[in-house]
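Student: One structure coming up, written as structure tokens, with questions to follow.
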Amino acid sequence: MTMTTKDTATARALRGLEDDDPSVRLRAALAIGTAPDPGSVGTLVERCAVEPDFSVREMLTWALTRHSASATVPVLVDEVRSERAQARSQALHTLSKIGDRRAWPVVTPELLADADEDVARSAWRAAVVLVPDGAEHRLAVGLATQLGRGGRETRLSLSRALIALGEAAVPAVDAAATDPDPGVRAHAVATERLRRDPDAGFELAVEEAKRVAVLGGPGREER
């Protein structure tokens, strides 16, 4: 059977994803997203798991979002269960961009606490996007178990996820503000301060929260 022009272009683009030059891989992902073909989905997802260049990974994710959710979500859900950390992280990142809530069940408590921080951060972002109506408080309780974890970027990412849940997260953050661990307390207080005053900046919120934690003051100021 004779290949059509589109088939030929798609095949050429798919081969380009394997090129040593990241600029070639970037253009290949762009070409696939510009002319979506369901037959490309598996290869795009596989490439996400091993692609070393951040910009190319972002283009791969964009290319996947250009395909129908019915073609991408089942493959990405399977990929979230991969043993490879980058595969899990990128699949979660892509699911957060697609925003199809049918993927919600794959965001398990184990993923929210994944030992790999990139995976955990991706899971937090995906969870906030995919959480069904009415499940926000339960998600906030799960996210709050991770307070005090990691460095600046990880803590900021978690704070943003909790803040995105709005009032549903307040009781869980309040409870963490009285945790015996000073790191957890400081992170919880910083999250609450940032929620109330986004313009204050995370660094300032953290420094003020540390002082509160050290002095043993209240987790939250009077409103």
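Values in this text are rule-based calculations from the coordinates and carry no lab data. What you are looking at is a predicted structure, and each value in this text was computed from that prediction instead of being measured. Here Cβ is always computed from backbone atoms with ideal geometry, including for glycine, and neighbour counts include all displayed protein chains.
Student: Would you calculate a helix-derived [θ] at 222 nm for the chain, using -39,500 (n - 2.57) for each DSSP H run of n ≥ 4 and dividing by the full residue count, to the nearest 500?
Tutor: Computed ellipticity for the chain at 222 nm equals -20000 deg cm²/dmol.
Student: Right, something else. Calculate, for PHE54 and VAL141, the FRET efficiency according to 1/(1 + (r/R0)^6) with r their C-beta to C-beta distance and R0 45 Å; round to the nearest 0.05. Walk me through the intermediate numbers first.
Tutor: Working: r = 32 Å, r/R0 = 0.71.
The formula returns an efficiency of 0.90 here.
Student: Calculate one ³J(HN,Hα) per residue across region 177-185 by plugging θ = phi - 60° into the Karplus curve 6.51 cos²θ - 1.76 cosθ + 1.60, and present them in order as whole Hz with x for glycine and proline.
Tutor: Calculated HN-Hα couplings, in order: 5, 10, 5, x, 7, x, x, 5, 4 Hz.
Student: Go through region 107-114 residue by residue and turn each phi into a ³J(HN,Hα) via Karplus (6.51, -1.76, 1.60, θ = phi - 60°); whole Hz please, and just put x for glycine and proline.
Tutor: Residue by residue, region 107-114 yields 7, 8, x, 5, 5, 5, 10, 3 Hz.
Student: Quick one: 3J(HN,Hα) in Hz for region 34-43, Karplus 6.51/-1.76/1.60 with θ = phi - 60°, rounded, Gly and Pro as x.
Tutor: Each residue of region 34-43 in turn: 6, 10, x, 9, x, x, 8, 4, x, 5 Hz.
Student: Along the Cα→Cβ direction, 7 angstrom out, place labels at ARG102 and ASP116. What is the inter-label distance in nm?
Tutor: 2.6 nm
Student: What's the FRET efficiency of ALA11 with ALA69 using the Cβ-Cβ distance as r and R₀ = 25 Å, to the nearest 0.05?
Tutor: So, using R0 = 25 Å, E works out to roughly 0.55.
Student: While we're looking at this one, here's another question. Just to be sure I understand the model, the point goes 7 Å from the Cα along the line to the Cβ. What's the resulting GLU207 to GLU83 distance in nm?
Tutor: Going by the 7 Å Cα→Cβ label model, 4.7 nm.
Student: If you don't mind, there's one more thing I want to ask. Out of residues 5 or more away from VAL107 or on other chains, whose amide H comes under 5 Å of its own, with H placed 1.01 Å from N in the peptide plane?
Tutor: none
Student: Average the reciprocal distances over every distinct pair of alpha-carbons in region 41-130, invert the result, and give the Kirkwood radius in Å.
Tutor: Across region 41-130, the inverse of the average 1/r is 12.5 Å.
Student: Report the FRET efficiency, 1/(1 + (r/R0)^6), for GLU153 and THR34, where r is their Cβ-Cβ distance and R0 is 30 Å, rounded to 0.05.
Tutor: FRET efficiency, GLU153 to THR34: 0.40.
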